[in-house]
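Engineer: Okay, here's the structure, questions in a sec.
The values are calculated or read from the model by the stated rules, or taken from the named source; none is laboratory data. Predicted model, so just to flag it, every value in this text is computed and none were measured. When we count neighbours, we look across all protein chains shown, and the Cβ atoms used for this are built from the backbone with ideal geometry, even at glycine. We work out accessible area using only protein heavy atoms, side chains counted, and drop any ligands, DNA or RNA first. Shrake-Rupley method; radii C 1.70, N 1.55, O 1.52, S 1.80 Å.
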Amino acid sequence: MLHAIKRLAEYTQPPFLVDNIQLTFDLNPEFTLVHSQLTLRQNPALPPDPLSELRLDGRQLELIALTLNGQPLGPEAYILDSESLTLPHPPKILTLEITTRIKPHENTALEGVYQVNGGYCSQCEAEGFRKITYYPDRPDILARFTTTLIADHTQFPILLSNGNCIQTGSLANNRHFVTWEDPFPKPSYLFALVAGDLARIQDRFQTQSGRLVQLELFVEHENIDKGQFALDSLKQAMRWDEERFGREYDLDIYMIVAIQDFNMGAMENKGLNIFNSKYILANPKTATDSDYANIQSVVAHEYFHNWTGNRITCRDWFQLSLKEGLTVFRDQEFSGDFFSPALQRMKDVRQLRTQQFPEDAGPTAHPVQPDAYMEINNFYTSTVYNKGAELVRMMQTVLGYPGFRRGMDLYFTRHDGQAVTVDDLIRCMEEATSTDLKQFRLWYSQSGTPTLTIEWLYNSAQQTFELTIAQSCPPTPDQPSKKPFHIPVAVGLLAQDGSSIPLTLAESTLAYPSAPAELPPHTRLLQLRQEKETFYFKNIKEPPIPSILRHFSAPVKLQTPLTDDERIFLWKHDPDPFNRWEAGQELSTQIILQLALAFQKEPPRTLNADFIHAFGKTLQDPTLDLSLRVQTLTLPSEKFLLSRMDPADPLAIHQARQFVQKTLSEHLQQELMQTFLACSPSPGPFAFTPQQTGRRGLRHLCLELLLISKKDPIRKLALEQFYQANNMTDQLGALVPMVHTGCVEKEAMLATFFDLWHFDPLVMDKWFAIQATTPDPNCLQQVQKLYHHPNFNLRNPNKVYALIGAFCSNNPLCFHDPSGEGYLFLADQILLLNGLNPQVAARLLTNFGNWRKFEPIRKNLMQIQLEKIMHSHNLSRDVFEITKKCLDPAP
Ligand code: TRP
Ligand code: ZN
């Protein structure tokens, strides 16, 4: 059933378990033969059932041979359809031998085994293993895998699979074989293989208990100079997990392979991670500071999965956030410890607000633990990943770090080697801390972003401060009304002179349990459980200014009575760096949104002078770390601003934001120039350090604003930086604003950049993306031209995201052109990709997700394209599910 819906409520245990599987892959140019020998037995946890059938999943397979306990089976002995192979009356214990033929070179969906750069690799999560052989392809079946790869020795000298290499040898006709054995039972989605001619970079790591682990990174030969940073990140992550969570690596070898064509970021296959090369390859000349940060966090993310995902895995795919939310939380904490927790929080919250909040407010909204899906690939979402991470973070906040750690320790010991549920994790947290998280669980089952509406009252006679918090959550598809959430709200109060007011505990007010180091003193954690509650603070001698939701203690929207002046005050004085940033961001947001409304009538002429002043002050605030300055001075993106405007008007948002940038640029020319010069490229070699990245970031922020004037001397400075840059961050820091502001030199610069980098696919992604995000009326034409460029390739997901994805999601002005041509372009690409790579097609579709939020003309044009897609033939499950949800009536 192509469009069947699977439900959490319908989960049943597997009738048969697999103990062992021995796989042999015979790799030939035209096809691959897969031989699988499995030993199965009826699940002892179920009452014996003589009638239970054995159903194996399988898709797009050619069945060549099948034997049961050594006896060949004819077609009368089994039932075969396009999704499965069923044995109606199997014995209780059995051995099956299955031979299938697959065609990796025809696999454009990049799921199962496929060819990449003349080699082979696999991607099995979530349900790709069934495209390799018939198997009960579900995560609650854990088996021991032994894998043999056979291939031509010259073309494929490297043959890899999970676990330890136990045998190698030569065969006739220049062929060779390698056998791998994975001692840890694992679900099929963690299986992997790689075959190719790759360079190997080696390193080693000694665990805290003294074991030596061999680290191996495989890249294409020409990228041999771009692997060390990823290996260093891996070692940092291994150390961090030992120190922070007491988790040690368990095999003698850890391998990472970087490949060009990959649907997602990376995959945590046991002992053999496979990565999209953009999250591995880096040297200063080709990778930017943000590339380095991404590599560090994705390498750590996949490593952390070894415990949260592999050793303890998911019972079923409704539990996806059990591994993903938890592992994102872990990688965020790791990155935060490396640079600064506050900086990391700003980045993570920015991402949550631009990706997850809109998802939660649109037609594909779903709980962190979904209860139904058609295509599981559509649920690798920002909700499952990023909101899921926020929920784990809230548990740490509510339980306090020591309690949370005890809960994690219990989880690791109790469930090691099992396939479990989100509820099992929460129960460990409850038992380790004697806490009741019943109400907290609603975060996992209710979708939608709650809004907190804040009111306050200062009573000077009694010297009390009353803070009233009301919560509400809008209806989402399938969930018309919600129960109140349990929400941790971290709060501080500031005196008029900017100092923190010591908070005297009133009954219902708890101290922040062992406040993380990044939270300032005098922060209290309020625990909101009702729809509306009032919290009382005693002995407050003057009317305070409240700082609410410090460190973003819950993934909610805030409505406060703060005035612009109070926001500027918090921007200057809040000792919580996150809320200090937040005050500036929210003020900018309010200002731009008001300007946008004005632009719909007549262009405004002025900008709040205090805002300009505060901006200039921050720019040169010596007490503020450079990276924090960059974060504070980065205006909210057009995409974010659009999500805050109802109905959304992309032209007005663009004009308003540009007006703010232009005004800041004019008023702060001197300060910007001074800062730009003060942050001149650091002498000495490039390094990915907080000091250097902060310096480059601030310099480029200044340059971007200065270039708005397009004045000769500033363009000259940018050109100089571009041509003299010894690293990609500086080169792009000059190129991007020159192109985006439409300076006359832009064509020559883009041509130079192309000449320099046309052979490097990852750098070419940048070249495509810069052009696709230019706010210029001709941008779509340019994108269509680039689409036919020889360096573009629709089969490479990175290219699709660099050109089409960047245009649709990071260039709202042009994508939402009222002609509707951007929408037409996107719909046509989705239909093309639907046949080639449904996962990528479905991901692009999310650009239509919030179509109902736009003004009527655009809304109507998007609806037309969605309906066109809906009525097309041969829609994949991926595209069908999302299109249908988009068109379903709003809740
Ligand atoms: N588990 C991977 C992660 O680390 C996600 C992933 C990689 C994936 N490749 C995929 C999910 C393909 C679905 C399909 O987050
Ligand atoms: Zn993951």
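Engineer: Taking the range 465-517, which residues are open to solvent by 60 Å² or more (accessible area, probe 1.4 Å), at pLDDT below 95 and part of a loop (DSSP other than H, G, I, E, B)?
Structural biologist: Residues satisfying the conditions are 478, 502, 505, 507, 508, 514, 517.
Engineer: Picking from 559, 527, which residue would you name as being open to solvent by 40 Å² or more (accessible area, probe 1.4 Å) and at pLDDT 90 or above? Reasoning before the result, please.
Structural biologist: On the way: 527 fails: open to solvent by 40 Å² or more (accessible area, probe 1.4 Å).
Among 559, 527, only 559 is open to solvent by 40 Å² or more (accessible area, probe 1.4 Å) and at pLDDT 90 or above.
Engineer: Moving on to the next point. Residues that are at pLDDT 95 or above, within 15 Å of ligand 2 (Cβ to nearest atom) and farther than 23 Å from residue 140 by Cβ: does the range 352-365 have at least one? It would help to see each step written out before you state the result.
Structural biologist: Initially, the range 352-365 is screened for residues at pLDDT 95 or above, giving 352-365.
Checking the rest, the ones that are also within 15 Å of ligand 2 (Cβ to nearest atom) come to none.
Within the range 352-365, none of the residues are at pLDDT 95 or above, within 15 Å of ligand 2 (Cβ to nearest atom) and farther than 23 Å from residue 140 by Cβ.
Engineer: Additional query: Which one is nearest to the chain's Cα centre (by Cα) among residues in the range 180-208 that are closer than 15 Å to residue 23 by Cα and surrounded by fewer than 21 Cβ atoms within 10 Å (Cβ to Cβ)?
Structural biologist: By that ranking, first place goes to 185.
Engineer: Of all residues being part of a loop (DSSP other than H, G, I, E, B) and farther than 30 Å from residue 143 by Cβ in the range 296-350, which is least open to solvent (accessible area, probe 1.4 Å)? Just the residue, please. Break it down into steps so the answer makes sense when it comes.
Structural biologist: Filtering the range 296-350 down to residues part of a loop (DSSP other than H, G, I, E, B) leaves 305-307, 309-311, 315-316, 339-340.
Checking which are farther than 30 Å from residue 143 by Cβ leaves us with 339-340.
Working: 339: 48, 340: 31 Å².
The selected residue is 340.
Engineer: Among the listed residues 293, 365, 287, which satisfies the condition of being surrounded by fewer than 22 Cβ atoms within 10 Å (Cβ to Cβ), among the hydrophobic types (A, V, I, L, M, F, W, C) and more than 16 Å from ligand 1 (Cβ to nearest atom)?
Structural biologist: On the way: 365 fails: surrounded by fewer than 22 Cβ atoms within 10 Å (Cβ to Cβ); 287 fails: surrounded by fewer than 22 Cβ atoms within 10 Å (Cβ to Cβ).
Sole residue among the options that is surrounded by fewer than 22 Cβ atoms within 10 Å (Cβ to Cβ), among the hydrophobic types (A, V, I, L, M, F, W, C) and more than 16 Å from ligand 1 (Cβ to nearest atom): 293.
Engineer: Of the numbered conditions (1) farther than 30 Å from residue 151 by Cβ; (2) of a type in the set (S, T, N, Q); (3) in contact (Cβ under 8 Å) with a residue 24 or more places away in the chain, residue 12 satisfies every one except a single condition; which is it?
Structural biologist: Of (1) farther than 30 Å from residue 151 by Cβ; (2) of a type in the set (S, T, N, Q); (3) in contact (Cβ under 8 Å) with a residue 24 or more places away in the chain, only one is false for residue 12: (3).
Engineer: Oh, and also: Out of all the residues in the range 409-423, which are in contact (Cβ under 8 Å) with a residue 60 or more places away in the chain and either open to solvent by 30 Å² or more (accessible area, probe 1.4 Å) or aliphatic (A, V, I, L, M) (or both)?
Structural biologist: Residues of the range 409-423 that are in contact (Cβ under 8 Å) with a residue 60 or more places away in the chain, as a first pass: 409, 411-412, 415-422.
Of everything in the range 409-423, those that are in contact (Cβ under 8 Å) with a residue 60 or more places away in the chain and either open to solvent by 30 Å² or more (accessible area, probe 1.4 Å) or aliphatic (A, V, I, L, M) (or both) turn out to be 409, 416, 417, 418, 419, 420, 422.
Engineer: So, in the range 368-378, exactly how many residues are in a helix (DSSP H, G or I) and open to solvent by 10 Å² or more (accessible area, probe 1.4 Å)?
Structural biologist: Let us first name the residues in the range 368-378 that are in a helix (DSSP H, G or I), namely 376-378.
The next check asks that each one be open to solvent by 10 Å² or more (accessible area, probe 1.4 Å); those that pass are 377-378.
Qualifying residue count for the region: 2.
Engineer: Also: For residue 385, only one of the following conditions fails: (1) open to solvent by less than 30 Å² (accessible area, probe 1.4 Å); (2) within 16 Å of ligand 2 (Cβ to nearest atom); (3) within 26 Å of residue 3 (Cβ to Cβ); (4) not hydrophobic (A, V, I, L, M, F, W, C). What is its number?
Structural biologist: If we test residue 385 against (1) open to solvent by less than 30 Å² (accessible area, probe 1.4 Å); (2) within 16 Å of ligand 2 (Cβ to nearest atom); (3) within 26 Å of residue 3 (Cβ to Cβ); (4) not hydrophobic (A, V, I, L, M, F, W, C), just (1) comes out false.
Engineer: Assess whether residue 569 counts as being open to solvent by 10 Å² or more (accessible area, probe 1.4 Å), in contact (Cβ under 8 Å) with a residue 60 or more places away in the chain and not acidic (Asp, Glu). Show your work before the answer.
Structural biologist: Working: open to solvent by 10 Å² or more (accessible area, probe 1.4 Å): yes; in contact (Cβ under 8 Å) with a residue 60 or more places away in the chain: yes; not acidic (Asp, Glu): yes.
Here the answer is yes, as residue 569 does meet what is asked.
Engineer: Going by the conditions given, is residue 620 buried (at least 19 other Cβ atoms within 10 Å of the Cβ) and in contact (Cβ under 8 Å) with a residue 12 or more places away in the chain? Spell out how you get there, then give the answer.
Structural biologist: Working: buried (at least 19 other Cβ atoms within 10 Å of the Cβ): no; in contact (Cβ under 8 Å) with a residue 12 or more places away in the chain: yes.
No, not satisfied.
Engineer: Further question: Is it the case that the range 602-614 has a residue that's assigned to a loop (DSSP other than H, G, I, E, B), touching a residue at least 40 places away in the same chain (Cβ under 8 Å) and among the charged types (D, E, K, R)?
Structural biologist: For the range 602-614, residues assigned to a loop (DSSP other than H, G, I, E, B), touching a residue at least 40 places away in the same chain (Cβ under 8 Å) and among the charged types (D, E, K, R): absent.
Engineer: In this structure, is residue 553 modelled with pLDDT of 90 or more, open to solvent by 40 Å² or more (accessible area, probe 1.4 Å) and touching a Ser or Thr at 6+ places or on another chain (Cβ under 6 Å)? Reasoning before the result, please.
Structural biologist: Details: modelled with pLDDT of 90 or more: yes; open to solvent by 40 Å² or more (accessible area, probe 1.4 Å): no; touching a Ser or Thr at 6+ places or on another chain (Cβ under 6 Å): yes.
Taking the combined requirement at face value, the residue does not satisfy it.
Engineer: Sticking with this structure for a sec: Consider the range 212-271. How many of its residues are open to solvent by 30 Å² or more (accessible area, probe 1.4 Å), within 22 Å of residue 164 (Cα to Cα), in contact with a Phe, Trp or Tyr (Cβ under 7 Å, 6 or more places away or on another chain) and not in a loop (DSSP other than H, G, I, E, B)?
Structural biologist: 1
Engineer: I would also like to ask the following. Could you say whether any residue in the range 382-390 is touching a Lys or Arg at 6+ places or on another chain (Cβ under 8 Å), more than 16 Å from ligand 1 (Cβ to nearest atom), on the phi < 0 side of the Ramachandran plot and part of a helix (DSSP H, G or I)? Steps first, please.
Structural biologist: Just the residues of the range 382-390 that are touching a Lys or Arg at 6+ places or on another chain (Cβ under 8 Å), to begin with: none.
Within the range 382-390, none of the residues are touching a Lys or Arg at 6+ places or on another chain (Cβ under 8 Å), more than 16 Å from ligand 1 (Cβ to nearest atom), on the phi < 0 side of the Ramachandran plot and part of a helix (DSSP H, G or I).
Engineer: So which of 762, 794 is in contact (Cβ under 8 Å) with a residue 24 or more places away in the chain and outside any helix (DSSP H, G or I)? Steps first, answer last, please.
Structural biologist: Values: 762 fails: outside any helix (DSSP H, G or I).
Within the list 762, 794, the selection yields 794.
Engineer: Could you tell me how many of the residues in the range 89-135 are open to solvent by 20 Å² or more (accessible area, probe 1.4 Å), among the polar types (S, T, N, Q) and either part of a loop (DSSP other than H, G, I, E, B) or touching a Lys or Arg at 6+ places or on another chain (Cβ under 6 Å) (or both)?
Structural biologist: Looking only at that region, the number is 3.
Engineer: Taking the condition of being closer than 20 Å to residue 584 by Cβ, buried (at least 20 other Cβ atoms within 10 Å of the Cβ) and of a type outside the set (S, T, N, Q), how many residues in the range 661-678 meet it?
Structural biologist: Residues meeting the conditions: 3.
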